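Report on the structure given below.
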Amino acid sequence: MSGDIASAYAVSFGGNAVTAAFCCAKLGIVPDLIATVANDWLGRMFQDMSAKYGISIHPRKVNSSSLSFIMPKDGKRAIVRCRDDEHIHPFPVLNLGGCRALHIDGHQPDAAIHYARLCREAGILTSLDGGGLRTNTHELLEFIDIAIVAERLCEQMDLTLEKMLDYLKSRGCRVGGVTMGERGLLWYDETGAVRTLPALPIASDRVLDTNGAGDVFHGAYIYSYLGNPGKGWHDHFEFARAASTYKIQRLGNEAGLPTLADIEAVKREFQVGRKKEFWD
């Protein structure tokens with residue numbers, strides 16, 4: 001029997017909205033987070049990691065912690081997931097006073113639709129990481145302002161990238177887009193105009209781990225919106241692009257969380273805002 005032996009590994013938190021929350025916290029705006037938590041060693045480790053970043057966890061109890069094994073290779077990844085979606089209790093009920101944005105990934109469909117509806121009624125920005133098709137994705141999108149989805153969702157719904165943008169518009173999302181990995185972001189702004197934000201041209205030998213890059217992208221644009229609400233979504237997505245470029249050069253989600261200085265360093269390296277080819 002033979003096999004490859006890894007030269008390095010990383011143990012970290014994971015999950016779409018979870019990683020986005022940690023990213024936002026690392027950048028300086030610490031969110032509250034509703035997450036499934038089990039009373040096992042992984043659950044306790046997750047609580048410790050959250051405390052390190054000052055994130056307030058509102059736990060929804062499950063019997064077993066979710067766990068993923070991720071094998072990065074050649075800029076791609078293989079993932080084996082173990083997830084416990086049998087929630088023992090209803091989702092936590094939170095006071096939304098002072099809340100300025102909601103970011104969800106739909107993994108808890110009942111909580112997602114509840115809070116998206118409440119935030120929409122209160123005029124609070126709602127954002128969706130559409131990484132895959134959930135049980136109530138179609139209904140949920142009615143209450144989403146910013147919908148950034150993965151190509152996987154296009155495949156699951158048998159839609160081209162352009163048709164997905166049309167679909168998001170039809171659901172009332174004022175800004176929508178599809179992340180395309182090394183091909184960048186195809187998106188539309190508040191006027192409905194379709195635009196392209198190319199990925200930064202990083203050498204392939206610098207790409208160590210693409211897992212979590214999309215989640216960091218989401219967390220970074222939420223941070224940018226909260227920190228600079230007067231800027232447009234092109235600026236927020238450009239900021240997020242630099243954050244995800246930082247992430248893919250590091251192994252593991254925690255090591256890939258950028259600081260503001262890290263993001264500025266990426267922008268300087270690629271001269272973002274100066275070279276015409278990086279603008280659509």
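Would you mind calculating the gained length between Arg152 and Ala255 on full extension (0.36 nm times residue separation, minus the Cα-Cα distance), in nm to one decimal?
34.5 nm
Mean 1/r over all different Cα pairs, inverted: what Kirkwood radius does the chain give, in Å?
Its Kirkwood hydrodynamic radius stands at 19.3 Å.
Taking only Cα atoms and a 10 Å spring cutoff, compute GNM fluctuations for the chain and point out the largest among Ala193, Ala147, Ala111.
Ala193
Mind listing P(r) for the stretch 131-263? All alpha-carbon pairs, 5 Å bins, whole percents.
The distribution over the stretch 131-263 is 2, 10, 20, 23, 20, 14, 8, 2, 0, given as percents.
Given points 7 Å out from each Cα along the Cα-Cβ axis, report the Asn136 to Ala122 separation in nanometres with one decimal.
Taking the two extended label points, one gets 1.7 nm.
Can you find, among Gln47, Gly181, Leu260, the residue farthest towards the positive end of the dipole of the chain? Put +1 on the C-beta of Lys and Arg, -1 on that of Asp and Glu.
Leu260
Considering only lysines 8 or more places apart in sequence, or on different chains, count the pairs in the chain whose C-alpha atoms sit under 16 Å apart.
7
When the helix-only estimate is applied to the chain (DSSP H runs of n ≥ 4, each -39,500 (n - 2.57), divided by the residue count), what is the mean residue ellipticity at 222 nm, nearest 500 deg cm²/dmol?
Estimated from H runs of four or more residues: -10500 deg cm²/dmol.
If you keep only loop residues by DSSP, which GluC sites (Glu not before Pro) in the stretch 125-198 have at most 10 other Cβ atoms within 10 Å of their Cβ?
Sparse-neighbourhood loop GluC sites (Glu not before Pro): Glu190.
Would you mind getting me the FRET efficiency between Lys61 and Lys163? Use the beta-carbon distance for r and R0 = 41 Å, nearest 0.05.
Computed FRET efficiency for Lys61 and Lys163: 0.55.
Please report the antiparallel percentage of DSSP beta bridges with both residues in the stretch 91-278, rounded to the nearest 5.
40 percent
To the nearest 20 debye, what is the magnitude of the charge dipole of the stretch 91-278 about its Cα centre, counting +1 on the Cβ of each Lys and Arg and -1 on the Cβ of each Asp and Glu?
Dipole of the stretch 91-278, to the nearest 20 debye: 460 debye.
Compute the signed sum of charges (Lys and Arg +1, Asp and Glu -1) over the other residues within less than 10 Å, Cβ to Cβ, of Asp105.
Overall, the nearby charge balance is -1.
Rule-based calculations on the coordinates, nothing more; no lab input. Small disclaimer: the values here were computed from a predicted structure and weren't measured. In this analysis, Cβ positions are derived from the backbone assuming ideal geometry, glycine residues included, and neighbour counts consider all displayed protein chains.
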